[in-house]
Each structure stands twice: as C-alpha cells, then as structure tokens.
Amino acid sequence: MATSASACLSKVVKQRYMELPQGDKVQAMYIWIDGTGEGLRCKTRTLDSEPKSIEDLPEWNFDGSSTYQSEGSNSDMYLIPAAMFRDPFRRDPNKLVLCEVMKYNHKPTETNLRLACNKVMDMVKDQHPWFGMEQEYTILGTDGHPFGWPSNGFPGPQGPYYCGVGADKAYGRDIVEAHYKACLYAGVDICGTNAEVMPAQWEFQVGPTEGIKMGDHLWVARFILHRVCEDFGVVASFDPKPIQGNWNGAGCHTNFSTKEMREEGGLKAIEESIERLGKRHHYHIRAYDPKGGLDNARRLTGRHETSNIHEFSAGVANRGASIRIPRSVGQEQKGYFEDRRPSANCDPYAVTEALIRTCLLAEEGEEPTEY
C-alpha cells in the first residue's frame with residue numbers, strides 16, 4: 001500500500017513541539033476553495049489574541065495565480081473570513097477559518113458560490129430550511145489504488161462491506177474515527193458515519209443544519225478529513241466513480257425540509273416541491289457537480305443504487321429514484337425528502353441554493369433568476 005512520506009515521520013517527536021506554550025498568540029488557519037471548485041487550500045497567520053467572532057478576524061490575501069484563480073500579472077486575491085471553528089490539530093485557542101475569495105476588484109471568484117447562496121438563504125430564512133448531507137468518499141493510497149485492496153486484483157464482490165465490521169470488511173476505520181472526533185472538537189455539526197457499499201468507501205453525515213451553515217460545515221468537515229488523511233499518509237477522494245465496473249459510486253445525498261414540511265400535513269408541501277424539481281431536472285444536474293453534470297454522468301447510470309441521469313423519478317423508500325421519500329415520512333405525513341442526485345464532489349453551496357430556488361422561490365427554466 002503506497003502511503004506518503006509524511007506518514008513515516010515520527011508523530012511522537014512532533015508532539016514534543018506541539019505541546020510547547022504559545023503565550024497569548026493564536027494561530028489562525030485560513031481555508032478556501034480553489035479555482036477547481038473542489039480543491040481546498042490553506043495557510044496560517046498569527047493573531048495577537050483569541051478571536052471571539054468573525055468580526056475579530058482580519059481579511060488576508062494570497063497568490064491566485066497558483067490556485068487556478070487569477071493571472072500572474074494581477075494575482076492578489078482577498079480572503080474574507082466567513083465561518084470560524086476550533087482547530088483540532090493545534091487545539092485551543094487556535095482556529096480554523098473558512099473564507100470567501102474575492103478578486104482584486106472585490107467581486108467574487110467563479111468558485112466563490114457562498115455569496116450567492118447566502119443571499120438566497122436570507123430570502124427564505126423565515127421558512128427555516130434544514131439540510132442534512134451524506135458525504136461519501138473513498139480512501140486511496142498515494143498511488144490512487146483503494147486502501148486495503150489487493151495490489152494486483154480486487155477484493156471480494158460488494159455485499160459484506162456496508163456497515164461492516166472486521167479486518168476483512170472495514171478498510172481504514174482508524175481514519176474514520178480520527179475524523180469523527182476531530183469534527184466534534186472543531187464544532188462541526190457531524191451527526192454520524194458508516195462504512196459504505198464499496199470496500200474502502202465511507203460516509204459521514206452533517207446536519208441537520210439551517211441555511212448557509214450547511215455549506216460551511218460540510219466544507220470544513222472535508223478539510224478536516226484531508227488533514228487527517230495527510231497524517232495517515234493516504235488520500236481522501238470525492239470522485240463520484242473512483243473505480244469503474246461493478247462498484248458503487250460516491251454521492252452526497254441531500255436531505256431537505258422546511259418548517260412547513262416538518263409540521264402536521266407537511267407531506268403536501270413535500271410533494272409540491274418534488275413536482276417542481278421534476279420540471280427542473282437538468283438545471284439541478286448541472287448544479288450538482290463541479291463539471292456541470294459530466295462527473296455525475298459516470299455515476300448516475302441507473303445501476304448501483306442510482307437513478308439515470310437523463311430521467312427524473314421519485315418514490316417512497318426507493319434508493320434507485322432521483323428523490324426518495326423516507327417510509328416514515330409517508331406514514332407520518334410530514335418530515336423531509338432526500339435528493340440522491342448530488343455527486344460526492346458537489347459544492348454544497350450550489351446544491352442547497354438550487355433546492356431553495358426551485359422548491360421555495362418556485363423558479364422555473366434552465367437558468368437561475370437574478371434578484
């Protein structure tokens with residue numbers, strides 16, 4: 001199994017330095033989404049005191065020509081702090097700071113989808129939209145081969161791995177447990193985890209979280225996962241179909257509800273939203289992966305617990321449908337629904353914004369409305 005050289009460095013030696021006192025100074029790691037719409041970048045600065053709110057954090061800048069976000073002749077980009085978390089790697093009082101990225105003219109970059117999402121969320125805040133996102137991912141060696149798989153072959157067929165227990169069924173649980181604890185420490189709204197259908201594939205869930213917090217918390221959970229994997233010398237992949245053939249792909253199923261849906265008789269509002277989604281299927285497919293649907297086309301084939309990318313469907317307890325209504329919701333006539341179309345590498349800001357636009361703002365057509 002190919003692991004990175006960093007995994008071979010002595011963590012015991014490192015710990016001697018990590019335990020040194022740091023006085024009143026605080027390390028703030030600024031995190032942002034790069035020009036791919038999928039990659040995360042970070043760098044750290046020292047603050048003179050512990051920030052208590054976003055307002056206490058200064059704006060910063062970076063070289064956008066090295067992150068696919070600008071030309072070298074005009075490369076300064078601005079980091080605008082948006083959400084703050086405890087740092088599980090350096091520990092208190094140090095912070096993780098998720099940032100929006102602005103161009104030299106203070107307009108959002110093409111992959112800064114948070115700004116537009118936040119505007120839309122503010123428009124419907126009285127409806128209290130809740131989201132829960134189920135983030136699937138695959139653990140790979142640095143050679144791109146799934147962790148724990150035979151170097152010159154394949155493990156046994158799918159069947160015993162989903163929620164499996166045992167060395168021959170669960171590949172990489174140490175990483176999963178470390179990530180879970182780190183998220184709890186950071187203050188991320190992580191609510192669960194499980195082994196997935198393909199060996200070396202796992203899932204964690206974030207939510208229920210209201211409004212813009214969904215995107216903030218999922219991006220930081222992804223960052224923490226990348227950092228944990230770095231310590232173990234392996235790679236977390238969010239590729240929607242990391243292994244071709246008779247293996248499950250990786251999605252980011254998105255659960256959605258409003259105050260009206262959660263109250264008595266809320267099934268009517270759920271059904272109305274699903275009807276609107278059915279009329280806007282292609283708009284959502286474009287919003288549900290960073291490449292406008294091309295990544296999801298490899299995953300949404302109608303096999304391996306997916307719907308076909310070209311068709312919209314909905315059903316109670318149907319994991320082969322675009323939209324699944326949980327059986328308990330059908331029985332209780334209220335609750336939420338699950339959109340199973342978003343890919344593992346989706347931008348949660350794009351996904352949650354699209355749901356709000358179609359379900360609550362009743363937008364129609366192939367393009368978002370300008371407000």
TODO: Give me the lysines in straight-line cross-link reach of LYS291: C-alpha distance below 17 Å, same-chain residues under 8 apart excluded.
DONE: LYS241
Task: For the stretch 15-112: span of alpha carbons on each principal axis (Å, largest first) - done: 41, 28, 22
TODO: Could you calculate the FRET efficiency of ALA317 with LYS107 from 1/(1 + (r/R0)^6), where r is the beta carbon distance between them and R0 is 35 Å, rounded to 0.05?
DONE: 0.20
Open item on the list: At 1.4 Å probe size, what's the solvent-accessible area of SER10? Round to the nearest 10 Å².
Closed with: 60 Å²
Task: Fluctuation leader among PRO129, PRO160, PRO242 - the chain, Gaussian network, Cα springs under 10 angstrom - done: PRO160
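Could you rank MET123, MET77 by how accessible they are, 1.4 Å probe, largest area first?
Accessible-area ranking of MET123, MET77, largest first: MET123, MET77.
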Task: Span from the the stretch 108-142 Cα centroid across to the the stretch 217-288 one, whole angstrom - done: 10 Å
Task: Links that overshoot a 31 Å alpha carbon limit, given the list LYS213/LYS334; LYS181/LYS279; LYS52/LYS119 - done: LYS181/LYS279
Task: Within straight-line cross-link reach of LYS103, aspartates and glutamates at Cα separation under 20 Å, skipping those fewer than 8 residues along the same chain - done: ASP34, GLU38, GLU59, ASP63, GLU71, ASP76, ASP347
- [ ] Would you work out what percent of the accessible area of the chain, with all protein chains in place, is carbon or sulfur (probe 1.4 Å)?
- [x] 50 percent
Open item on the list: Just to check I understand the Karplus step: with θ = phi - 60° and J = 6.51 cos²θ - 1.76 cosθ + 1.60, what whole-Hz values come out for the stretch 48-58, glycine and proline as x?
Closed with: 6, 8, 6, x, 9, 8, 4, 4, 7, 9, x
Open item on the list: With a 1.4 Å probe and all protein chains kept in place, how do LEU140, LEU361 rank by accessible area, largest first?
Closed with: LEU361, LEU140
Open item on the list: From the C-alpha coordinates alone, can you work out the Kirkwood hydrodynamic radius of the chain, in Å?
Closed with: 21.7 Å
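Can you give me the accessible area per residue for the chain, using a 1.4 Å probe, in Å²?
On a per-residue basis, 46 Å².
Helix by helix through the chain, keep the DSSP H runs that span 24 Å or more along the axis on Cα and average at least -0.5 on Kyte-Doolittle, and give those back in order.
Within the chain the helices that satisfy the rule are 213-232.
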TODO: Taking a cut-off of 15 Å between Cα atoms, list the aspartates and glutamates near LYS25, but don't count ones fewer than 8 places away on the same chain.
DONE: ASP48, GLU50, ASP56, ASP87, ASP92
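The values are calculated or read from the model by the stated rules, or taken from the named source; none is laboratory data. Bear in mind that the values here come from a model prediction, so they are computed numbers and not experimental data. Here the Cβ is made from the backbone with ideal geometry for all residues, glycine too, and neighbour counts use every protein chain on show. We work out accessible area using only protein heavy atoms, side chains counted, and drop any ligands, DNA or RNA first. Shrake-Rupley method; radii C 1.70, N 1.55, O 1.52, S 1.80 Å.
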